[in-house]
Amino acid sequence: MHKSLVIGCLLFSCLTQADLLDALKYYEEKHYAQATTEFNKLLPLGNEVAAFNLGAIYHNGEGTAVDHVKALAYFQLAAQLGDSRAAAVISALTKRLSAIEQQQAEQQASLLLAQVQIKEITEERTDLIDFPEVVSRRAPVYPKNAAAKGIFGYNVLRFVIDEQGNVSAVEVLGSFPEKTFNKSSIAAVKSWKYAATGKKHQGKVALHYSLGPLSKSKVTQFMQKHQLLDYAVAGSPQHQYMLGTVMDLLATNANYHVNVDKNLALELTTELPEQFFSRKSSFRSNIAGFYGSAEVKTDGKGIVTAVISADKMDKQQASALLVGKELDNDARHGHYRLWADPGKTSYVEPIITVSQLHSSHYWWTIAAKNGSLEAQRQLAAFSPQWENYLLNNNDAQVLTWSGVRKMLQGDTVQGQLLLDKAIAQNYQTAAELKAIL
């Protein structure tokens, strides 16, 4: 096995960490002990490339004695974590080992897997607080300097609503570009009003800023200027996180509902889907009895021919209400998403299907597994695995808002414990929130 096993990780499909570039530098400079240490730091994040590279190091005997049993264990771990290259290496290496050595490798691989804290994420939060009805919610003011320069971006914010429906605390969790829109976003959220429920609630919102529809040329120029795709492919978590942020901004501002198909080929290209910038607009349709959301297909007359999926209603119920209904004369031969609150008019959006390369979640997941704290915090908002990982690492921001959620759910002791841990790190927001809860 050649060194290319390690160098080969500089492909877009490789999930690496902030320390990967340091690890590769150590490796190239033949500081194998430091490289091994850095790769090992990535294993709790479920980083299959780190596992694969460690297998290569032990197979080659670089900075250590050749150990084919340990190498096989790391390759098996890489395979379990999803590295597509590992199977061929495992097959070749297994033929060289005795049955006892193969068993030893399997045992070591099981021990390594037990250390992994982030596995494939399929679950989402199911313990979120019921949210009060919106009374008034004004849009933020576009900062003059940003408008003059044509800057686009967004903020992600957490906030607390008091018993009277007023927003009593706000914190910016993420911003792009950094801090450009913070003041405007905070001022807007603090002015929002919700229905009084007699209890506190926690909310999260992403506020996007753009001067009309995003321009394909401007977004492409921005990506090229910062070499987002090049550096993301090379393994830079900062660029991977920023690329995910751009994809999120595009999806949110598009007039299409964006579906991600994991089965579509991952073709590296700087060309962005035209639908992200299409002027095709959404519309409303009166469909008695329908609520929730559904994905449908239409014929040449804009009539629903099939319901692909539905959430609040089961698929059979949704089909009985939707199939045969005309959405709109302009909704011919289309793929649409419908959603509506009970008793309300349905809102209809055309659907665009893209590969994971045009998905924010894809790039944020890579960045998070590569060590990007910003990406890890993004994912922690809906993934208990990432939340628990950051709690175990005493991240003050996640300690704070997890503590708030627990207190609002009635677990005062555990909530205060988490807030106190954040306060001990001089995290001012934690102290402010504890005082109002």
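The values are calculated or read from the model by the stated rules, or taken from the named source; none is laboratory data. As the structure is a computational prediction, the values presented were derived from the model and not from experiment. Ideal geometry is used to build each Cβ from the backbone, glycine not excepted, and the neighbour counts take in all protein chains shown. What goes into the accessible areas is simple: the full protein's heavy atoms, side chains included, and nothing from ligands, DNA or RNA. Shrake-Rupley method; radii C 1.70, N 1.55, O 1.52, S 1.80 Å.
Using Cα pairs under 8 angstrom and six or more residues apart, how large is the relative contact order of the chain, in percent?
Contact order relative to length: 14 percent.
Can you give the Rg and Dmax of segment 262-410 based on its C-alpha atoms, in angstrom?
My reading of the Cα-based Rg and Dmax gives 20.0, 57 Å.
Using the heavy atoms of the protein chains alone and a 1.4 angstrom probe, what is the accessible area of segment 336-413 per residue in square angstrom?
34
Taking R0 as 22 Å, what's the FRET efficiency between Asp311 and Lys204 from their Cβ-Cβ distance, rounded to 0.05?
E(calc), rounded to 0.05, equals 0.65.
What Kirkwood Rh does segment 288-358 have if only Cα atoms enter the pairwise 1/r average? Answer in Å.
12.2
Compute the long axis of helix 396-408 from its Cα atoms, compare it with the longest principal axis of the Cα atoms of the chain, and write down the angle in degrees, 0 to 90, nearest 10.
Once rounded, the angle reads 50 degrees.
Based on the Kirkwood radius over alpha-carbon pairs, what value in µm²/s does the Stokes-Einstein equation return for the translational diffusion coefficient of segment 152-246 at 37 °C and 0.692 mPa s?
Value of D from the Cα-based Kirkwood radius: 217 µm²/s.
Answer with one residue from Gln416, Tyr32, Leu338: the one whose Cα lies farthest towards the positive end of the charge dipole of the chain, charges on Cβ with Lys, Arg +1 and Asp, Glu -1.
Of the listed residues, the answer is Leu338.
Could you sort Glu295, Glu48, Glu432 by their accessible area in this structure, using a 1.4 Å probe and putting the largest first? Could the numbers behind the result be given before it?
Values: Glu295 35, Glu48 15, Glu432 100 Å².
Highest to lowest solvent-accessible surface, that is Glu432, Glu295, Glu48.
With contacts defined as alpha carbon pairs under 8 Å and 6 or more residues apart, what's the relative contact order of segment 295-437 in percent?
Reported relative contact order: 13 percent.
Mean residue ellipticity at 222 nm from the helices of the chain, using -39,500 (n - 2.57) per DSSP H segment of n ≥ 4 over the full residue count, to the nearest 500 deg cm²/dmol?
-13000 deg cm²/dmol
How big is the Rg/Rh ratio for segment 205-275, C-alpha atoms only, Rh by Kirkwood, two decimals?
On the way: Rg = 12.6 Å, Rh = 13.3 Å.
Rg divided by Rh gives 0.95.
Stokes-Einstein diffusion coefficient for segment 130-208 at 10 °C in a medium of 1.306 mPa s, Rh from the Kirkwood formula over Cα pairs: what value in µm²/s? Show your work: numbers first, answer last.
Working: Rh = 13.0 Å.
Here the translational diffusion coefficient equals 122 µm²/s.
For segment 389-437, would you read off the P(r) tail past 17 Å as a percentage of all alpha carbon pairs?
Tail of the P(r) past 17 Å holds 18 percent of the pairs.
Gain in length, Leu264 to Ser98, computed as 0.36 nm per residue apart minus the alpha-carbon separation, to one decimal in nm?
Value of the extension gain: 55.7 nm.
Figure the gain on full extension for Glu178 and Ala196 (residue separation times 0.36 nm, minus the Cα-Cα span) and round it to one decimal in nm.
3.1 nm
Can you sort Met407, Met247 by 1.4 Å-probe accessible area, starting with the largest? Intermediate results must be reported in sequence, preceding the final value.
Details: Met407 30, Met247 5 Å².
Highest to lowest solvent-accessible surface, that is Met407, Met247.
Please work out the ratio of the alpha-carbon Rg of the chain to 2.2 N^0.38 Å and round it to two decimals. Don't skip to the answer; put the middle values down first.
Numbers: Rg = 24.7 Å, N = 437, 2.2 N^0.38 = 22.2 Å.
Scaled against compact globular proteins, the figure is 1.11.
Given R₀ = 60 Å, FRET efficiency for Glu133-Ser110 by Cβ-Cβ distance, to 0.05?
Efficiency for this residue pair is about 0.75.
Would you please name the trypsin sites (Lys or Arg not before Pro) within segment 220-280 that are DSSP coil residues with at most 16 other C-beta atoms within 10 Å of their C-beta?
Here the sparse-neighbourhood loop sites are Lys262, Arg279, Lys280.
On C-alpha positions alone, give me the angle between the axis of helix 68-81 and the longest principal axis of the chain, in degrees, nearest 10.
Approximately 10 degrees, to the nearest ten.
With an 8 Å cut-off on Cα pairs and a minimum separation of 6 or more residues, tell me the relative contact order of segment 225-276 in percent.
Averaging sequence separation for qualifying contacts and normalising by length gives 29 percent for segment 225-276.
As I understand it, the value is the acute angle between the Cα axis of helix 412-423 and the longest principal axis of the Cα atoms of the chain; what does it come to in degrees, rounded to 10?
That helix lies at roughly 70 degrees to the long axis.
Can you compute the equivalent ellipsoid semi-axes for segment 58-118, i.e. the square root of 5 times each eigenvalue of the Cα gyration tensor, sorted largest first and rounded to whole Å?
Semi-axis lengths for segment 58-118 are 17, 13, 13 Å.
Estimate the FRET efficiency between Lys216 and Asn329 by the formula 1/(1 + (r/R0)^6), using the beta-carbon distance for r and 25 Å for R0, to the nearest 0.05.
For R0 = 25 Å, the calculated efficiency reads 0.35.
Which entries in Lys30/Lys369; Lys149/Lys218; Lys216/Lys344 show an alpha-carbon gap greater than 23 Å?
Working: Lys30/Lys369 25 Å; Lys149/Lys218 12 Å; Lys216/Lys344 34 Å.
The answer is Lys30/Lys369; Lys216/Lys344.
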